[in-house]
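*Asks:* My questions will all concern the structure given below.
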Amino acid sequence: MCGRAVDGARAHNVAARGIERSRACRSVQSVCADIGVDPSHYGREFAKRVGCTPSQMTRWQRVAQAAHMLRATARPLAQVAIEAGYCDQSHMCREMQRVLGRTPRAIRASASDS
């Protein structure tokens, strides 16, 4: 690929295939190895078509999944964190505060108020 222009259809296909495979919360490197493209190229094509980087998309997906579980279940925070793909509960708490501006406990409390 290096030094060659990539036509629009192929570039779109790269982004679409990568998005589909990244839904399994896999690393960018493993997605790229699977679809046979360079991570830099994939990142550029993904960002052009989606409007954010693959890692930002993964972050937002995890936060959304965790927030949904917090609203819909009474699972302990540590279990929600693991099921949403975080290393531990404190990682999830920091990430939710950074992305949503709210703690997991506040999200859960607001769901019970409704």
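*Asks:* How much length is gained if the chain between residue 109 and residue 83 is pulled fully straight, taking 0.36 nm per residue apart and subtracting their Cα-Cα distance, in nm to one decimal? Spell out each step's value before the answer.
*Replies:* Working: separation 26, 0.36 × 26 = 9.36 nm, distance 1.98 nm.
Once the chain is fully extended between residue 109 and residue 83, it gains 7.4 nm.
*Asks:* Let me ask something else. Counting only other residues whose beta carbon sits under 15 Å from that of residue 73, what net charge do I get with K and R as +1, D and E as -1? Could the numbers behind the result be given before it?
*Replies:* Working: positive: 71, 75, 105, 108; negative: 83.
Value of the local net charge: +3.
We did not get these values from a lab; they are worked out from the coordinates using the rules stated. No experiment lies behind these values; they were computed from the predicted model shown. For neighbour counting, all protein chains shown are included, and Cβ atoms are generated from backbone atoms with ideal geometry for every residue, glycine included.
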